[in-house]
1. Here is a list of conditions, (1) more than 16 Å from ligand 1 (Cβ to nearest atom); (2) within 23 Å of Glu6 (Cβ to Cβ); (3) of a type in the set (A, V, I, L, M), and Val27 meets all of them except one; can you say which number that is?
2. Give me the residue from the range 1-16 that is away from ligand 2 (no atom under 15 Å from the Cβ) and in a loop (DSSP other than H, G, I, E, B) and, out of that set, surrounded by the fewest Cβ atoms within 10 Å (Cβ to Cβ).
3. Would it be correct to say that Gln34 is more than 9 Å from ligand 1 (Cβ to nearest atom) and either of a type in the set (D, E, K, R) or in a strand (DSSP E or B) (or both)?
4. Would you mind finding the one in Leu42, Leu63 that is more than 16 Å from ligand 1 (Cβ to nearest atom), under 10 Å from the mean Cα position of the chain (by Cα) and of a type in the set (A, V, I, L, M)?
5. Out of Lys31, Lys59, report the one residue that is surrounded by 12 or more Cβ atoms within 10 Å (Cβ to Cβ) and either touching a residue at least 60 places away in the same chain (Cβ under 8 Å) or in contact with a Lys or Arg (Cβ under 8 Å, 6 or more places away or on another chain) (or both).
6. What number goes with the only condition from (1) surrounded by 11 or more Cβ atoms within 10 Å (Cβ to Cβ); (2) among the hydroxyl-bearing types (Ser, Thr, Tyr); (3) more than 9 Å from ligand 2 (Cβ to nearest atom) that Ser37 does not pass?
7. Every residue in the range 2-22 that is within 12 Å of ligand 1 (Cβ to nearest atom) and closer than 22 Å to Ala65 by Cβ, please.
8. What are the pairs with Cβ atoms under 6 angstrom where one residue, in the range 12-26, is hydrophobic (A, V, I, L, M, F, W, C) and the other, located anywhere, is near ligand 1 (Cβ under 10 Å from one of its atoms) and assigned to a loop (DSSP other than H, G, I, E, B)? Sequence gap at least six, or different chains.
Amino acid sequence: MPLLCERCKREVYRLETCNSCGRKIGVECMKSSQRISKTTRLVICKDDWSDMKKRTVYKNRGLQAQASTETTA
Ligand SMILES: [Zn+2]
Ligand SMILES: [Zn+2]
């Protein structure tokens, strides 16, 4: 069963879930990703990246995660 990107509907070899809109997207529709913990990765698609509010939320979540790992380490 082929994996289909929910944003561009093309077939992809691997799906990532956008944390902003919840769609499963391929790498080519993924604008940015960051690791916020050992097991959690934050992904944002190109649509949400162009949305200033969503982009800010994405960046803040990354900054918060960085701050919390620094204080606990
Ligand atoms: Zn796509
Ligand atoms: Zn998205």
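The values are calculated or read from the model by the stated rules, or taken from the named source; none is laboratory data. Keep in mind that this is a model prediction, so the values were computed, not measured. So basically every Cβ, Gly included, is an ideal-geometry build from the backbone, and we count neighbours across all protein chains shown.
1. (1)
2. Only one residue tops the list, namely Met1.
3. yes
4. Working: Leu63 fails: under 10 Å from the mean Cα position of the chain (by Cα).
It is Leu42.
5. That would be Lys31, the only listed residue that is surrounded by 12 or more Cβ atoms within 10 Å (Cβ to Cβ) and either touching a residue at least 60 places away in the same chain (Cβ under 8 Å) or in contact with a Lys or Arg (Cβ under 8 Å, 6 or more places away or on another chain) (or both).
6. (1)
7. Residues satisfying the conditions are Glu16, Cys18.
8. Val12/Cys5; Val12/Gly26; Ile25/Cys5; Ile25/Arg7
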